[in-house]
Structures are given as C-alpha cells and as structure tokens.
Amino acid sequence: MVAVSSMRVGGPVAPRTLAATAETISDVQSLYQSLLYEYDYEVEQAWGKRGPGFSSDGRPQRWAALLEAGRGSLWLGRPGAGRAHVEGTIPSDLVGTYVRNGPGLQVNSGKTKRHTFDGDGMLLQFTFPGGEGGRVRFKNKFVRTKGFLEEQAAGRPTLRTAFTRGSVDGNPFFNPFDFNLKNCANTGVLAWAGKLLALYESGLPHELDPRTLETVGESTVGGQLETPVLAAHYRVAPRRGGDGNGDGGGVRDWVAFSANTGLSGTELIFYEFEEGSGKLRHSPTRAVLPGTRMALVHDIAVTQDYYVAHVGPLEFSGAKFVTEYFTSRCSIAECLQYTPDKPSKIWLVPRPTGTAAGQEPRVIEAPATFVFHHANAFQSTTQDGRQTLTL
C-alpha cells in the first residue's frame, strides 16, 4: 500500500492510501531492464494482432541495433521478437506527439552494477497524425551524450555517476574528490520554442532534433544559463493577465531552475523562458538558502506570485563520507541522511511578475517530510482575508 498526501501551509491534508496492483509491481520491475534497440515504425489500426510491418516471427522489419556485436557487446545482443497488438480504436481526432524520457540502458558487468537512476537516457516518441484508419508512429533513440559515446566506444563503464560506489570498474581504490559525474540526460524532456531538450539533475540539457530524435549536443538554452546546471523538472505556467488575475491570453512560460549546492551552501536560480522566442522573459531570480548544505531540491512548484521549493531535513553526513564513501561502501548520494527530528522548510521566492515582487523570500517550517516531486501548488484567499498556499 502507498500513502499519498498533500500539504497545506498551516496544516497537512489527510493522506489517501493507494493499493499496489500487479501491473504497478510489473512496471517497477521493468525499470531494471535495458532497452537495447532503436526502432522506427508505424502501427496501423488494421494490424490487430499482427500485420504489415512485422515479419512472420512477429519482429519489426525495420529494426536497427544501436551497435553491431563487438566492442559494445557488453550490453547488446541480438534483438528479441516483438509484436504489435492494437486493442480498441486509435482515435482519429487524436493529433500530436508524445515524448517521454527515462533510463534506457542498465549496466551490470559483474563487477559494476549501476543504480537504475544512472541509466543512459532514452527518448520514446509516439506521433499521432490523426485521420481515419487510426495510425501512430513509434520511435525511440538514446541521447548521445559525451559519456554515452565514450562508454559505448570503450565497451564498459568509464565514468562515475551519482550512485557509483568506489571506482567505475568495481575497484575499491579511487579518487574520492573526483566529483566530475556523468550527465545521463535521463530524467526530463521538454519541447519548447521549436527545440526538444532532454534534462538531467546535475548538468546541462541536451538538445535533440524533435523529428528524428538525433542528438544535437549540450545546450545552454541560447547562452542564457548562468551555471552549467539545469534541473530535470520544470513547470509550464500560464501567464497572468494585465490586471494580475485575469486571463493571460493563452500565453505560457517555461519556469525552470537550477540547484547549485555544496558544502558551502545552496543557491537556487529560477528562469522563465517565453514560449515563442525561447528568450528569457526577465533576468533570472537568485535565492540563497541560509543554513542549508547539500540540499536536495529535485522539483519545484509555481504559483502566480511565488516559486515554491520544499527543502526536507536531509543533511550531509561527514562521518559517512569519511568512513563509507572513502572506503567504497556508499556513493556520494548516499551520504545524504534523513533527519526526521528536524522540520522541513518551504521556501517562497517571489516571482518578478507577481504581487510579491521585490520582497525577500519567505520560509515556513513544516513537519519533517521528504518530497521528490510536486503535483501542483496554488494560492487562495480565505473568507477572513488570509492567504493560503496549498502544495
């Protein structure tokens, strides 16, 4: 059973309990499987259990292995049989493209087994052209990061990741102060201003061709990023109207952020990019979080007036860093420890376009909670005039 709850500044909302089904368990287990091949084929409504585009053994005729057997054979073998099966009807009025990103290549070489979160990013794309007959085109492709290309050429892991214990080859002797970690480009994806970006927790985005999914390279979003980091999660926020409350005419902004954290402290930088031009709407907003070291801010929420960052009671353990990280018994990520006897802090950073613009950030203490992702946040006014924020 999984408990799901939300938080309202001023008091928590009663949690809901969700049952873990067999399908959910199967989905979770599939995280540990690699997707080794890149496909590009079209599914037609008339296929049924099998039809045009598939060979007699159910395998797509137009499959293409990422690499031929050889130096990359550590991870790649021959493609298995596949089969398209269309149940129901593909809506004729469904038009558009759906893209998702996730770790597609899991590494377990005997000596080294990477965490699921450290898998190389793979984009999966479903394109629905619409019209009668119900068609959908499927395409998937790895993000060709520098690290991905280097490791594929070597046929083995060569770079450390956030969850690497010791050296990349399983050797207990390594440089513990080498924090140059691999950008896996495996977490977020965004189509914005004619570009497609694959996002990762601690590195630059990677730009891809939105039609072919070919990797263009690392992106600084037109030179507009102030640090070589952009978080994997973001918000697309409707723009406010001229009166501050009305309709913004359907205009939206991409609200992104970077979390620059270390032993010296944490600073958040918030960006807002226009939908048409992709240009910054205004200068980035910086917010230093006093009293926070090595904070984990994986996601944010946005209201009409504030950027909202939940900082849970995670602390960097110097003792674990020395006794376990140095001795290859834990990764750098595992040096963060949850301290439930301390409160969470919710930071409200004023947006430059909101009614609180120009004010100092506000911080509200809340019960100890670890938050990885936010569903939404919104402001409201009670009958007695109090402002309430629901997160």
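The values are calculated or read from the model by the stated rules, or taken from the named source; none is laboratory data. Remember, predicted model here, so these are calculated numbers, not experimental data. Counting neighbours? That spans all protein chains shown, and the Cβs are built from the backbone with ideal geometry, glycine included. Ligands, DNA and RNA are excluded from the accessible area calculation, which covers all protein heavy atoms including side chains. Shrake-Rupley method; radii C 1.70, N 1.55, O 1.52, S 1.80 Å.
Quick notes on this structure:
- The figure for residue 325 is an accessible area of roughly 0 square angstrom, using a 1.4 Å probe on the protein chains alone.
- q = 0.12 Å⁻¹, segment 84-232: log10 I(q)/I(0) [Debye, one scatterer per Cα]: -0.58
- For residue 371, distant residues with modelled amide H under 5 Å away: 312
- 209, 169, 384, 305, reordered so the largest accessible area comes first (probe 1.4 Å): 384, 169, 209, 305
- Förster radius 30 Å - calculated FRET efficiency between residue 42 and residue 336, Cβ distance, rounded to 0.05: 0.10
- On segment 229-390, 51 percent of the accessible area sits on carbon and sulfur atoms, based on a 1.4 Å probe.
- Loop-located chymotrypsin sites (Phe, Trp or Tyr not before Pro) in segment 106-181 (DSSP state not H, G, I, E or B) with no more than 14 neighbouring Cβ atoms inside 10 Å: 173, 177, 179.
- Averaging Cα coordinates gives a centre for segment 276-311 and one for segment 118-146; these two points are 30 Å apart.
- Over segment 229-390, relative contact order from alpha-carbon pairs under 8 Å, at least 6 apart, %: 17 percent
- Spatially close lysines, pair count over segment 76-219: Cα under 24 Å, gap of eight or more or interchain: 11
- Annotation: peptides 214-221, 374-381, ranked by per-residue average of other Cβ atoms within 10 Å with the highest first, follow the order 214-221, 374-381.
- D (Stokes-Einstein, µm²/s), Kirkwood Cα radius, segment 285-391, 1.306 mPa s at 10 °C: 102 µm²/s
- 5 angstrom amide H check on residue 196, placed H, neighbours 5+ away: 208
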